[in-house]
1. Filter region B:121-133 down to the residues that are open to solvent by 40 Å² or more (accessible area, probe 1.4 Å) and part of a loop (DSSP other than H, G, I, E, B), then identify the one that is nearest to residue B:61 (Cα to Cα).
2. Tell me, please, whether a residue that is touching a helix residue (DSSP H, G or I) at 6+ places or on another chain (Cβ under 7 Å), of a type outside the set (Lys, Arg) and within 17 Å of residue A:444 (Cβ to Cβ) can be found in region A:317-339.
3. Restricting the search to region B:282-318, which residues are more than 22 Å from residue B:429 (Cβ to Cβ), open to solvent by 10 Å² or more (accessible area, probe 1.4 Å) and of a type in the set (A, V, I, L, M, F, W, C)?
4. Among the residues of region A:427-444, how many are open to solvent by 20 Å² or more (accessible area, probe 1.4 Å) and within 14 Å of chain B (Cβ to nearest Cβ)?
5. Somewhere in region A:92-108, is a residue part of a helix (DSSP H, G or I) and touching a residue at least 12 places away in the same chain (Cβ under 8 Å)?
6. Of all residues in region A:144-163, which are open to solvent by 20 Å² or more (accessible area, probe 1.4 Å) and in contact with a strand residue (DSSP E or B) (Cβ under 9 Å, 6 or more places away or on another chain)?
7. Tell me which residues, restricted to region A:395-412, are over 30 Å from residue A:220 (Cα atoms) and open to solvent by 20 Å² or more (accessible area, probe 1.4 Å).
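The values are calculated or read from the model by the stated rules, or taken from the named source; none is laboratory data. Being a predicted model, the structure only gives us computed values, none of them experimental. Here the Cβ positions follow ideal geometry from the backbone for every residue, glycine too, while neighbour counts run over all protein chains shown. For the accessible areas, the whole protein counts, side chains as well, though only heavy atoms, and no ligand, DNA or RNA atoms are used. Shrake-Rupley method; radii C 1.70, N 1.55, O 1.52, S 1.80 Å.
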Protein chains: 2
Amino acid sequence: MTSRIRLAFALVLCSAGAWAQNPDWIERYRPTADKLIDAAMADTEGYDRLAYLCYRIGHRLSGSESLERAIAWSAEQMKAVGLANVRVIPAMVPHWVRGAESARMLAPVDKPLHMLGLGMSVGTPPGGITAEVVAVSDFAELEKLGRDKVAGKIVLYNEAYRGYGPTVSYRVYGAPRAAALGAAAVLVRSVTPLALQIPHTGMMVYEDAQPHIPAAAVSPEDAMMIARLCADGVPVKVHLEMGAHMEPDAQSGNVIGEIPGKEHPEEVVVIGGHIDSWDVGQGAQDDGASIIASLQALVLMKKLGLEPRRTIRVAFWVNEENGGRGGEAYRAWIGDGIKNQVAAIEMDGGAETPRGFGAMVDANSIELLRQAAHLLDRIGAGEITPGGGGEDIAPLMRDGVAGLGERTSGAHYFDWHHTEADTFDKVDLTDFRKNMAAMAVMGYLLADIPERLVATPVSGRRR
Amino acid sequence: MTSRIRLAFALVLCSAGAWAQNPDWIERYRPTADKLIDAAMADTEGYDRLAYLCYRIGHRLSGSESLERAIAWSAEQMKAVGLANVRVIPAMVPHWVRGAESARMLAPVDKPLHMLGLGMSVGTPPGGITAEVVAVSDFAELEKLGRDKVAGKIVLYNEAYRGYGPTVSYRVYGAPRAAALGAAAVLVRSVTPLALQIPHTGMMVYEDAQPHIPAAAVSPEDAMMIARLCADGVPVKVHLEMGAHMEPDAQSGNVIGEIPGKEHPEEVVVIGGHIDSWDVGQGAQDDGASIIASLQALVLMKKLGLEPRRTIRVAFWVNEENGGRGGEAYRAWIGDGIKNQVAAIEMDGGAETPRGFGAMVDANSIELLRQAAHLLDRIGAGEITPGGGGEDIAPLMRDGVAGLGERTSGAHYFDWHHTEADTFDKVDLTDFRKNMAAMAVMGYLLADIPERLVATPVSGRRR
């Protein structure tokens, strides 16, 4: 998950449907929901598929050979379980390559730093950059230092973790802000609450008006060390070497498969997550577990012989992490059919204990979802909150599709996020099954109930 | 902390002193104890010294140049604060060198593993070892496989963490047990409750009768991955390359300094920890914080003008991690003076929130300590438990000296232990101050009260 939909609400008035007067309607769905939950809680196929994705294919950065293997394997899996209309919707994706990289503190002592270049960063010149470090806690401190003290230096942002949203801006916007003052490169304290000498990568951006300077994450420990030395007045010198570069855009695609609707096959509810990941770890929580849980939700429906009135589709979007091209390509592929996109559910917050869904829909629709979500109370996933969605479905939501984001406890998500430690073992089987159940029940309901959710307008995006 | 004293108790009967009848004696010490605690809780010098040790000197493996720098710096510090009889007691220490090392899974997919060679391991032959892996959960499973299935293979011990004591035996004894069945090398799941793709090194041993085969730790994640692949019947091939080797023993030493006793300078209470560390991280929790807290305990006494009746000595023992030569050299240096070694307090469980002390003393002495420890109740460090000590003071305890081990909450100690993540930031200032206070008060008391603790016999050791 690299981004969140801006919480721009607008109340859209809408006449309440029959469901609002008679919330007992949901009881008609309880036997089906219970069957889906029971099947999910006994499922082993999905967990085995996730193990294969993580252990036999591994991480899946846009442009990489392993992503293309994952895409081919995913299409095979969808066909093997009998989904209809399995296809890869083409998308050209950016092809950023990390290359060889390292960082070393040269003074006051010589020691390697724990680093990971940030996604989309430029590399250093051959031979690297050697410069003194200026450490700042935040942008205000940087601005106060000014060009005199920043020009030619490596800027370290040692922002302590205050939650992902507030802290990630140093990773995303740190380079152009420092470049504007003449910095040679930036190091960013990894965006995480847990310090165990592991760096966290992730997306960064440049501004056209500013020089493009190399940007790398360092472990929280290394950031704290350098900041302390600087605070003590000890000059810190670092050598940074990064082979990062862009290659020409690569051919890739979103993988989809369906259970056609038995009454309105032209109307579609899409559920899914993103198949790409950063080039470290295994992309298990971000976002392998989500795509496999979504796929398995459809597998359970097929096994139980459930055919909702509308088409339910699973989508493995591509390039969520560093471009969002998959979501855009999917939107373009939908074309004028957008009116028939009834709802989109994205799962991109990992597969820890599910809590429910956030939804970018009007107040009546929230109430409808709350009634529906009681079917998930037995697994603790019955909470509906206003606001939600996901990077991959943002282009759909922008054009009026009702968007939901599955929500989890997120207890350790940012310990593992974008690191070598985002691995299969982090996905607990029981939690994984519950997520699968939540996606299956909510997906099935939205594809089957007569009512349609009413989206609230969204605009903009941020990483 | 690599070892614990075996909890072999023997009840030594001893007539109760006057203190037992009148526990109010301790109130006479309360003003002094409070002064020490207040001073500790306001101290910043100690924390600054620890930052210097961690950030400017770094890790300190026996035989390394950085250990010798730490020893020289420590002696300077002791002199600078005015301790008497500052000296380095010579000790020859083993000089194990890690060398270049790496491990790579070659099949079913090619990817680097997160490894750290185990301390004292031999290296691989030049060019490394490439072999199939057999994964076992425990020794019983290994024995069941037998020579047919183990010979020529790399054995992976994927023992899940069940507490340090029970789990560490795979790290320590895994190599000879597998070598006895013809294994080519061993990989050991890191001994830790926290998986964040970080390997934990530590001591291992060989048996003369068995071939000496290379032994390395892998991250919990990599161990789980390999074990799962093996369980699924997927052949796993690993390439292991280690340049580890022994060099001739190196000259090193224990650093000591004293506040001479005003009535019985010949009687000594020694407090301290070990100055050496593994060659990763900064040896902050293991055991840098302990030696600096111990030193600072004496600094506080000096600043407060406190002179106990007996000599109080601080010792920075050497080579605790891979040989125990410092403790032995200290014992040899004491010689016939052993009878005057009144008590020894080791701090080697990190500097998290202190709880109190474990003591290898008789029941009456436990009662005495419990009365005394009430002076530490205000910082939560007033708990006395039977059994305790430390690797460095084990040679003293073996010869009848009353040994105490300082105890902490240990909430995260084994997350960081023997890793790159054992760094200064892990030491919380308030906790550090409390540890300093606990060492100061207990050290002062044992050096000043008329009574002597009565040790219970100890025997043997294990890592």
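1. Residues of region B:121-133 open to solvent by 40 Å² or more (accessible area, probe 1.4 Å): B:122, B:125-127, B:130, B:132.
Narrowing the set further to residues that are part of a loop (DSSP other than H, G, I, E, B) leaves B:122, B:125-127.
Numbers: B:122: 17, B:125: 24, B:126: 24, B:127: 26 Å.
Once the filter is applied, the top-ranked residue is B:122.
2. no
3. B:306
4. Summing the residues that are open to solvent by 20 Å² or more (accessible area, probe 1.4 Å) and within 14 Å of chain B (Cβ to nearest Cβ) in region A:427-444 gives 2.
5. To start, the set of residues in region A:92-108 that are part of a helix (DSSP H, G or I) comprises none.
Looking for residues that are part of a helix (DSSP H, G or I) and touching a residue at least 12 places away in the same chain (Cβ under 8 Å), one finds none in region A:92-108, hence no.
6. Scanning region A:144-163 gives A:144, A:145, A:149, A:152, A:153, A:158, A:160, A:161.
7. First, the residues of region A:395-412 that are over 30 Å from residue A:220 (Cα atoms): A:395-404.
Hits for region A:395-412 are A:398, A:399, A:400.
This table checks each residue for (1) open to solvent by less than 10 Å² (accessible area, probe 1.4 Å); (2) farther than 30 Å from residue B:59 by Cα.
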position: B:332; (1), (2): no, no
position: B:345; (1), (2): yes, no
position: B:360; (1), (2): yes, yes
position: B:365; (1), (2): yes, yes
position: B:372; (1), (2): yes, yes
position: B:386; (1), (2): no, yes
position: B:393; (1), (2): yes, no
